[in-house]
Structures are given as structure tokens and as C-alpha cells.
Amino acid sequence: MPKKFDPALKERAVRMVLEQAKDAGSVSKACELVGAREGVGKETVRGWVRAAKADAGTGPGPSSEEAAQVKTLKARVRSLEEENAILRSAATFFAGELDPRRR
């Protein structure tokens, strides 16, 4: 189960990474430094930075809104596929019941 982090901590960590990236030489190294200082894993901080860049439109990948929309749509597709499977099996059952050769 993923940990829940305070949004203020996330914002502060992202801001610190972006400020220290030039001095540290790379974003990865800055994430490591900030993560150690804040008590958070470097990969967690790096994920926050990537998401912040995507939300700002300066980095690759979907924004948080787009990712949430994709998640919602995938759940809806899964639900509709289950409903279709149920309807297919019901249609097959009732078609068999109406077959005059079975009487």
C-alpha cells in the first residue's frame, strides 16, 4: 500500500529539486539529496518531479488530469466488457430455450 504524503511536502521537495538540479549536476542527484534531507526515497521524489513537469507541460508524459481520466475510462471499459459477457451468455441461454427442436 503506497504511503500518503503531505501535498506541501511534495511541493517543497519538487521546488528544492528544481532549484538544486543545476548545482547537483543532474535531476537524479538532486532527487537523492532532497530525498535524504526530507526522509523520502529518491525514486519517490523523482516521480513527483516527473509528474510536476508533466503537469506544467515541460516534461513528457500525461498530466495528472489525463492520467486520472485514463484510469476512469479503463474502469468503465472493464465494466462494460463484463456487462457484455453477461448479456452474451443470457442471449445464448434464451436462444436455446426458444429453439423448437428442444421440445
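The values are calculated or read from the model by the stated rules, or taken from the named source; none is laboratory data. All values derive from a computational prediction rather than experimental measurement. Quick reminder, even Gly has a Cβ in these numbers, built from the backbone with ideal geometry, and neighbours come from all protein chains shown.
For the chain, please list each of the helices (runs of 4 or more DSSP H) lying entirely inside it that holds at least 1 residues being of a type in the set (Phe, Trp, Tyr).
On the way: elements: 7-24, 27-38, 42-56, 64-98.
Because the criterion is at least 1 residues that are of a type in the set (Phe, Trp, Tyr), the helices (runs of 4 or more DSSP H) in the chain that meet it are 42-56, 64-98.
Within segment 42-55, is there a residue that is modelled with pLDDT under 90, in the same structural domain as Glu19 (by TED's automatic domain parsing), exposed (fewer than 12 other Cβ atoms within 10 Å of the Cβ) and over 11 Å from Ala13 (Cα atoms)?
There is no residue in segment 42-55 that is modelled with pLDDT under 90, in the same structural domain as Glu19 (by TED's automatic domain parsing), exposed (fewer than 12 other Cβ atoms within 10 Å of the Cβ) and over 11 Å from Ala13 (Cα atoms).
Return the pairs, sorted by first residue and then second, in which the second residue is part of a loop (DSSP other than H, G, I, E, B), the first residue lies in segment 1-28 and is at pLDDT 90 or above, the beta carbons are less than 6 Å apart, and the residues are 6+ apart or on different chains.
Matching pairs, first to second residue: none at all.
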